[in-house]
Amino acid sequence: MFNFKKSLMYKFLTILSFLLIISSCTEKSKIPVYVWMGHSDKMTDGELKDQFEDLKSKGIDGVMYNGGHEAETYRRIGKIVKNAGMEFHTWIPTMVQGNNPKLNAEWYAVNGLGESALDKPAYVDHYQFLCPNREEVYDFLAELYGSIAEVEEVDGIHLDFIRFPDVILARGLWDKYGLVMDREFPQFDYCYCELCVTDFETLTGINIKEVEDPSQVEEWKQYRYDLITNLVNRLAEVVHSKNKQINAAVFPGPSMSKKMVRQEWNKWNIDSFYPMNYNDFYLEGTKWIGDVTKEEVTSVNSSKPIYSGLFICPNPEKKASEADPENHGLLPDEIEAAIKESMDNGATGICLFTPGRMTDAHWKAFKKAIYTDYKKQ
Ligand SMILES: [Zn+2]
């Protein structure tokens, strides 16, 4: 009797493991996909449930959700996302912080003309960047991300705007702002606050305010890469201490991200990277996505996942007549090539900006592309 039961159990286990192998093979044939998404106060729980179940059915594995600073919002949304079977990451800007009673005016970054990013932000009104060198700024961010990482439904903290303001704008944005950014200009160059200038002089003996062209001082560049890197690594300790993941949206590179926004992100101790490989912002095609993905994967020695961020065109038929690059992006007939370039060059998966911009034609091409086997690196 006992042996009979045992042999039945073995049979059962053999069938079970066979089924598991089959199902894991099926799983493997789909690439991992994340999406960046904003929050709407108006949606009911039922509407949110339908929306997230729809995304899951389309092949989405995780959501980077931008819902403000309140832990309660993330508890509510996170529960619905998790029930739909997806990962839930909170997408909360880091250095860009608007007016907030918790933040003092002197903690904001200062440009090479001595202007504060609080009162005189570069390019657009919301470019109110904090100084990454202030201990008070670290305290504010550690408390913000630490409290949200404590929410049970949160799988990870997703940093964004974790950088300086663009000292060089992406080529596709020059016309929009009427600029030729062939070199660094003081009004877009940060941070020359008293603390940064003094600390840099203590460290190197160089008074950067007396230098005619600060862009030629290699130590000054490295100093600012390190300010961001140190801040990220300290925040990573906070989030990891809550047993949660931490990842970030970064500029392509790090060769470009260093030059444009002073992100030497390959040195960050975080769990994964979401480079915004937005080809249209650089007036490039899908081949470029492959080139930058290769650099990104190589820069971290293939030791951490790179999810290639893809910028979707919301109105494909109007792209040619649209002047604003914010309305450009990948067309439905480019999405397969964009995904293939990313995957063939070592990306672990992709991240869409945004699912709301995807047309039916995008989803159709997307479905084919995510269920394709790509060559292993
Ligand atoms: Zn500063």
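What pairs come up if the first residue lies in the stretch 252-268 and is farther than 11 Å from Phe164 by Cβ and basic (Lys, Arg), the second is modelled with pLDDT of 95 or more and part of a helix (DSSP H, G or I), and their beta carbons are under 7 Å apart, counting only those six or more places apart or on different chains?
Close Cβ pairs satisfying both conditions: Lys267/Thr229.
If Arg75 meets every condition in (1) part of a helix (DSSP H, G or I); (2) of a type in the set (D, E, K, R); (3) within 30 Å of Ser215 (Cβ to Cβ) apart from one, which number is that one?
Unmet for Arg75, out of (1) part of a helix (DSSP H, G or I); (2) of a type in the set (D, E, K, R); (3) within 30 Å of Ser215 (Cβ to Cβ): (3).
I need the full set of residues from the stretch 318-357 which are over 27 Å from Glu295 (Cα atoms) and modelled with pLDDT of 95 or more, in order please.
Gly356, Arg357, listed by residue number.
Mind telling me which of the residues Leu235, Leu231 ends up being within 16 Å of the ligand (Cβ to nearest atom), modelled with pLDDT of 95 or more and not in a strand (DSSP E or B)?
Testing whether each residue is within 16 Å of the ligand (Cβ to nearest atom), modelled with pLDDT of 95 or more and not in a strand (DSSP E or B) leaves just Leu231.
In the set Glu296, Glu264, Glu284, which member is within 25 Å of Asp175 (Cβ to Cβ) and charged (D, E, K, R)?
The unique qualifying residue is Glu284.
Let's see how each residue does on (1) out of contact with any Cys (no Cβ under 7 Å at 6 or more places or on another chain); (2) of a type in the set (S, T, N, Q); (3) assigned to a helix (DSSP H, G or I):
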residue: Phe281; (1), (2), (3): yes, no, yes
residue: Thr298; (1), (2), (3): yes, yes, yes
residue: Lys304; (1), (2), (3): yes, no, no
residue: Lys318; (1), (2), (3): yes, no, yes
residue: Ala338; (1), (2), (3): yes, no, yes
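Say we look at the stretch 167-185 and pick out the residues that are in contact (Cβ under 8 Å) with a residue 60 or more places away in the chain and either under 25 Å from Glu135 (Cα atoms) or among the basic types (Lys, Arg) (or both); which of these is nearest to the ligand (Cβ to nearest atom)?
Applying the filter and picking the extreme gives Val167.
Considering only the stretch 78-103, state which residues are under 30 Å from Lys120 (Cβ atoms) and assigned to a loop (DSSP other than H, G, I, E, B).
Once the filter is applied, which keeps residues that are under 30 Å from Lys120 (Cβ atoms) and assigned to a loop (DSSP other than H, G, I, E, B), the stretch 78-103 yields Thr94, Met95, Gln97, Gly98, Asn99, Asn100, Pro101, Lys102, Leu103.
State all residues of the stretch 45-98 that are surrounded by fewer than 17 Cβ atoms within 10 Å (Cβ to Cβ) and free of Cβ contacts under 8 Å to residues at least 12 places away in the same chain; if no residue qualifies, say none.
Answer for the stretch 45-98, where residues must be surrounded by fewer than 17 Cβ atoms within 10 Å (Cβ to Cβ) and free of Cβ contacts under 8 Å to residues at least 12 places away in the same chain: Gly46, Glu47, Asp50, Asp54, Ser57, Glu70, Glu72.
Collect the residues in the stretch 118-158 that are in contact with a Leu (Cβ under 8 Å, 6 or more places away or on another chain) and closer than 30 Å to Asp175 by Cα, keeping them in residue-number order.
Tyr123, Gln128, Leu130, Cys131, Pro132 - these are the residues of the stretch 118-158 that are in contact with a Leu (Cβ under 8 Å, 6 or more places away or on another chain) and closer than 30 Å to Asp175 by Cα.
In the stretch 188-218, which residues are open to solvent by 70 Å² or more (accessible area, probe 1.4 Å) and within 16 Å of the ligand (Cβ to nearest atom)?
Correct list: Glu194, Thr198, Glu201, Thr202, Leu203, Lys209.
In the stretch 101-111, what count of residues is obtained for those that are open to solvent by less than 40 Å² (accessible area, probe 1.4 Å) and away from the ligand (no atom under 12 Å from the Cβ)?
Adding up the residues that qualify gives 1.
Are any residues in the stretch 324-343 open to solvent by less than 10 Å² (accessible area, probe 1.4 Å), more than 18 Å from the chain's Cα centre (by Cα) and either aromatic (Phe, Trp, Tyr) or closer than 16 Å to Tyr371 by Cβ (or both), and if so, which ones?
Of everything in the stretch 324-343, just one residue is open to solvent by less than 10 Å² (accessible area, probe 1.4 Å), more than 18 Å from the chain's Cα centre (by Cα) and either aromatic (Phe, Trp, Tyr) or closer than 16 Å to Tyr371 by Cβ (or both), namely Ile335.
Within the stretch 248-263, identify whether any single residue is assigned to a strand (DSSP E or B), surrounded by 16 or more Cβ atoms within 10 Å (Cβ to Cβ) and touching an Asp or Glu at 6+ places or on another chain (Cβ under 6 Å), and answer yes or no.
yes
Considering only the stretch 112-122, state which residues are in contact with a helix residue (DSSP H, G or I) (Cβ under 6 Å, 6 or more places away or on another chain) and either under 13 Å from Asp166 (Cα atoms) or surrounded by 15 or more Cβ atoms within 10 Å (Cβ to Cβ) (or both).
Matches in the stretch 112-122: Gly112, Leu118, Ala122.
The values are calculated or read from the model by the stated rules, or taken from the named source; none is laboratory data. Note that the structure is predicted; figures quoted are calculated from it, not measured. All Cβ positions, glycine included, derive from the backbone under ideal geometry; neighbour counts span all protein chains shown. Ligands, DNA and RNA are stripped out before the accessible areas are found, and what is left, the full protein with its side chains, is counted by its heavy atoms. Shrake-Rupley method; radii C 1.70, N 1.55, O 1.52, S 1.80 Å.
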